[in-house]
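Notes follow once the structure below has been shown.
The values are calculated or read from the model by the stated rules, or taken from the named source; none is laboratory data. As the structure is a prediction and not an experimental result, all values here were calculated from the model. Cβ placement follows ideal geometry from the backbone for every residue including glycine, while neighbour counts extend to all protein chains displayed. Accessible surface is based on the protein model in full, side chains and every heavy atom, while ligands, DNA and RNA are left aside. Shrake-Rupley method; radii C 1.70, N 1.55, O 1.52, S 1.80 Å.
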Amino acid sequence: MPDRPVRVRIAPSPTGDPHVGTAYQALFNSAFARRHGGAFVLRIEDTDRARSTPESERAILSSLRWLGLSWDEGPDVGGPHAPYRQSERLPIYREHVERLLAAGHAYRCFCSRERLERMREENRANKEFPGYDRLCRGLDPAEAARRAAAGEPHVVRMKVPTEGHAVMHDLLRGEIRRDWASIDDQVILKTDGFPTYHLANVVDDHLMEISHVIRGEEWINSLPKHVRLYEMFGWQPPVFCHLPLLRNADRTRSKLSKRRNPTSIEYYRRAGFLPEALLNFLGLMGWSPPDGEEKFSFDEMVRSFELERVSLGGPVFDVEKLRWLNGRYIREDHDAARLVDRLAEWALNRETFERIAPLAQPRLQTLSDWGYLTAFFFADDVPFDAEQVAIRGLDREATLELLQIASLRLDARRTWNADELDADFRRLAEATGLKLRDLTKPFYLVLTGRSAATPLFQSMEILGPDLCRVRLRRALERLGPVSAKKRKQAERRMVEIFGEPAP
Ligand code: GLU
């Protein structure tokens, strides 16, 4: 039983689509908090200025709420440790960095990007430790402070021991050891005055009185730095518990990735999964109730939840199993009337029909034409004839490359409406010397299942980014598969054409 009040958190970075992995962390943290009468905090870690967006933050909060999760403190509900968005806490981090500098636990580093690049290259060539060579660690701190005061660009790094080993503890794994020699003098404050993840994360976990850090396995490698920061500040560290990573259901059992498996929560919502079934399914990732029953509610999970019983064998996110479980919910928990309500809540409602109607109207001779014409809006996958996926005048490989470029472009899109999609496709047509009509033909097929349908870009707007992206990805998988080399090539082309970084 924990010896301090239980306070846990999730700390998502708002840099993309709301990921099922975030929901999985949220579920386990929330179940643990409820089980011990503690608090569950949601903190937004938006210190990566180039990649964080308010849209992503909104999408994360709303999809977690859709799943039925709630938090006691967070950017949208407030709480005693507000603000809960790191970009609003910069003075706090700066003050803590000053403290480490004053105590000699950190130092200013003025090395230029070019120098660091060169060093990294050399280290790689000599197969040496790829970290920073600690040149600035030897600077006189007073001199360094003067240079900084004069406005010279710099970062602040933490000093990690150069010998011996870090000893850490993980609730599921027991003792973990790492040689300090393999760990870098981590940057804690960037040139732009923003903290890095490591510093902000530790400072906030301490100030927010987090008792247990329950997060993904991918952070274990950061643990030595975190534990060292706690020591340097003289703080009691929380209990650490790294949950196993979700894995793809295919042969590779690799880390869940959107190329092999949809990962956006929004996709599952759009594809007609029930939130309670998805949440239940996530509850089966590394855990199962003592009675072995696989279908359970959140409250039932809380009643028998024990973090110690999470198993480390990589849990497989198997969509087939999720479909099976979802089917059980549909059959076992709904009479016909309730099912009709759920269909309406999902997509079969006046609001959706009113968006589709203007597109369908010119193409209807009878009302019953509606069914066939609009079915693809209400489907997850659409079957199409692979033989027909072709662009006039292009061979199969070139056609695939265009699908790939478009898919990357659509992945990178942060906003989604017909006009912007139209502009993207025009640009792609122009850059490749194709007629827009020829270019869009295969997209009709893979996105709507038909060679002619309601207007493409407006239809895509209604379908939404998640379904469109998944349909395109599946089509590429079916038509390809695309080699890593070809994907890189397409990525370069995408960047050339759209002048924006790859997703
Ligand atoms: N911001 C980190 C993330 O996006 C949080 C990791 C942690 O929980 O410490 O996953």
Where the accessible area of the stretch 255-327 is counted over protein heavy atoms with a 1.4 Å probe, how much of it, in %, is carbon and sulfur? 47 percent
Any idea of the accessible area per residue across the chain, 1.4 Å probe, to the nearest Å²? 48 Å²
Using a 1.4 Å probe on the protein heavy atoms, what percent of the accessible area of the stretch 146-239 belongs to carbon and sulfur? 49 percent
With only Lys, Arg, Asp and Glu charged, each at its Cβ (+1 for the first two, -1 for the last two), find how big the charge dipole of the stretch 260-314 is about the Cα centre; round to the nearest 20 debye. 360 debye
When the Cα centres of the stretch 40-84 and the stretch 288-314 are compared, how far apart do they sit, in Å? 26 Å
How large are Rg and Dmax for the chain when only the alpha carbon atoms are used, in Å? 25.7, 84
Along the charge dipole of the stretch 251-395, which of 313, 393, 272 sits closest to the positive end, that is, farthest toward it, with unit charges on the beta carbon of Lys, Arg, Asp and Glu (+1, +1, -1, -1)? 393
State the three equivalent ellipsoid semi-axes of the stretch 449-492, derived from the C-alpha gyration tensor as the square roots of 5 times its eigenvalues, in descending order and whole Å. 24, 12, 10
Give the Debye-formula value of log10 I(q)/I(0) at each listed q (0.15, 0.19, 0.22 Å⁻¹), with one equal scatterer per alpha carbon of the stretch 254-318, two decimals each. -0.54, -0.83, -1.02
Using the per-residue mean of other Cβ atoms lying within 10 Å as a proxy for protection, in what order, highest first, do the peptides 65-76, 378-389 fall? 65-76, 378-389
Can you give the relative contact order of the chain as a percent, counting alpha carbon pairs under 8 Å and 6+ residues apart? 13 percent
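Which of the chymotrypsin sites (Phe, Trp or Tyr not before Pro) across the stretch 222-299 are loop residues per DSSP, with 15 or fewer other Cβ within 10 Å? Walk me through the numbers on the way to the answer.
Numbers: sites: 230, 233, 235, 240, 267, 268, 273, 281, 287, 296, 298; in loops: 235, 273, 287, 296.
Here the chymotrypsin sites (Phe, Trp or Tyr not before Pro) that fit, given the DSSP loop and packing criteria, are 235.
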At 37 °C and 0.692 mPa s, what whole-number value in µm²/s does Stokes-Einstein give for the translational diffusion of the stretch 93-182, with Rh from the Kirkwood sum over Cα pairs? 215 µm²/s
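Determine the relative contact order of the stretch 358-503: mean sequence separation of Cα pairs under 8 Å and six or more apart, normalised by residue count, in whole percent. Each step should come with its number before you reach the end.
On the way: 137 pairs, mean separation 51.8, N = 146.
Computed value for the stretch 358-503: 35 percent relative contact order.
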Scaled radius of gyration (Cα, divided by 2.2 N^0.38 Å) that the stretch 234-279 gives: 1.68
Residue-count net charge about residue 385 - beta-carbon cut-off 15 Å; Lys, Arg +1, Asp, Glu -1: +4
Taking θ = phi - 60°, what integer Hz values does the Karplus form 6.51 cos²θ - 1.76 cosθ + 1.60 yield along the stretch 119-129, in sequence order, with x for Gly and Pro? 4, 4, 4, 4, 4, 5, 4, 8, 6, 9, 3
Efficiency by 1/(1 + (r/R0)^6): what FRET value for residue 171 and residue 395, r their Cβ-Cβ distance, R0 = 35 Å, to the nearest 0.05? 0.05
In the stretch 1-62, what trypsin sites (Lys or Arg not before Pro) fall in a loop by DSSP, with at most 14 other Cβ atoms inside 10 Å? 49, 51
Restricting to bridges with both residues inside the stretch 119-248, how much of the DSSP beta-bridge set is antiparallel, in percent to the nearest 5? 65 percent
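About the Cα centre of the chain, how large is the charge dipole given +1 on each Lys and Arg Cβ and -1 on each Asp and Glu Cβ? Please answer in debye to the nearest 20.
Value, rounded to 20: 1140 debye.
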May I ask for the net charge around residue 357, where only other residues with Cβ less than 14 Å from the Cβ of residue 357 are counted and Lys, Arg are +1 while Asp, Glu are -1? 0
Can you list residues from other chains, or at least 5 along the same chain, whose modelled amide H is less than 5 Å from the amide H of residue 165? 180
Can you check what the net charge comes to around residue 347, using other residues whose Cβ is under 14 Å from the Cβ of residue 347 (Lys, Arg +1; Asp, Glu -1)? -2
With the contact rule set at Cα under 8 Å and sequence spacing of 6 or more, what percent relative contact order holds for the stretch 1-155? 19 percent
Taking all protein chains in place and a 1.4 Å probe, what share, in percent, of the accessible surface of the stretch 349-503 do carbon and sulfur account for? 49 percent
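May I ask for the Kirkwood hydrodynamic radius of the stretch 39-127, worked out over all distinct Cα pairs and given in angstroms to one decimal?
Result for the stretch 39-127 stands at 16.6 Å.
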Can you tell me the length gained on complete extension of the stretch residue 143 to residue 355, counting 0.36 nm per residue apart and subtracting the Cα distance? 69.8 nm
Dipole magnitude of the stretch 415-464 about its Cα centre (Cβ charges: Lys, Arg +1; Asp, Glu -1), debye to nearest 20: 280 debye
Which is farthest toward the positive dipole end of the chain among 90, 503, 197, measuring Cα position about the Cα centre, with Cβ charges +1 (Lys, Arg) and -1 (Asp, Glu)? 503
Which of the GluC sites (Glu not before Pro) found in the stretch 259-345 are loop residues per DSSP with 12 or fewer other Cβ atoms within 10 Å of their Cβ? 293, 306
On alpha-carbon atoms, Rg over Rh for the stretch 158-299 using Kirkwood Rh? 1.04
